[in-house]
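Single-structure report; data block below.
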Amino acid sequence: VADRLFFSVPHAIESALNDISDVREVIPEFFSCPEIFILSNGIELGKMQNGTKVNNVILPDWANNDPYFYVCELKRTLESEKVSFTINNWIDYIYGLKQRGIEAVNSLNVYPHYTYDNTSTEKDQEENAKEQGTEV
């Protein structure tokens, strides 16, 4: 079904913000490769249930339907002083102390268990270690 394809940045953002089962990741090409938003080979990707033909990815209104401008602005923002000043917080959310546990809860950085690479809990690991005669 064409509705399942990535067809719109605004729709993807709306869905990720409002649907707990919609977990997305922005790939690096978003910031470097405008061609990922253009259907340049003419492949027919079908129509969505509402009849809309899937074609180039729909961009936010501020991008004026220009993927080159869109990527340039994303990259400019990513390299901005404001992002440079606050990127340490993002690192804490993704890789650091706010990734799991009480700090994640306090920072509203908690997701459904199936989104984590290791769904076992520390308690599960401890029980498995006891059974195997090892320490965690």
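The values are calculated or read from the model by the stated rules, or taken from the named source; none is laboratory data. Just so it is clear, the model here is predicted, and its values are computed rather than measured. Glycine gets a Cβ as well: all are built from the backbone with ideal geometry, and neighbour counts include every protein chain shown. Surface areas here come from the heavy atoms of the whole protein model, side chains and all, with no ligands, DNA or RNA. Shrake-Rupley method; radii C 1.70, N 1.55, O 1.52, S 1.80 Å.
Couple of notes before you dig in:
- Among the residues making up region 66-90, those that are surrounded by 13 or more Cβ atoms within 10 Å (Cβ to Cβ), of a type outside the set (Phe, Trp, Tyr) and without any contact (Cβ under 8 Å) to a residue 40 or more places away in the chain are 66, 67, 72, 73.
- The residue of region 1-19 that is modelled with the highest pLDDT, among those that are surrounded by 12 or more Cβ atoms within 10 Å (Cβ to Cβ) and acidic (Asp, Glu), is 14.
- Exactly one residue among 105, 110 is open to solvent by 70 Å² or more (accessible area, probe 1.4 Å), modelled with pLDDT of 85 or more and within 22 Å of residue 21 (Cα to Cα), and that residue is 105.
- Residue match in region 20-30 (condition: in a helix (DSSP H, G or I), touching a residue at least 40 places away in the same chain (Cβ under 8 Å) and open to solvent by less than 60 Å² (accessible area, probe 1.4 Å)): yes
- Filtering region 31-50 for residues that are within 19 Å of residue 14 (Cβ to Cβ), in the same structural domain as residue 14 (by the TED database) and assigned to a helix (DSSP H, G or I) leaves a non-empty set.
- Residue in region 59-69 that is charged (D, E, K, R) and over 27 Å from residue 115 (Cα atoms) present: yes
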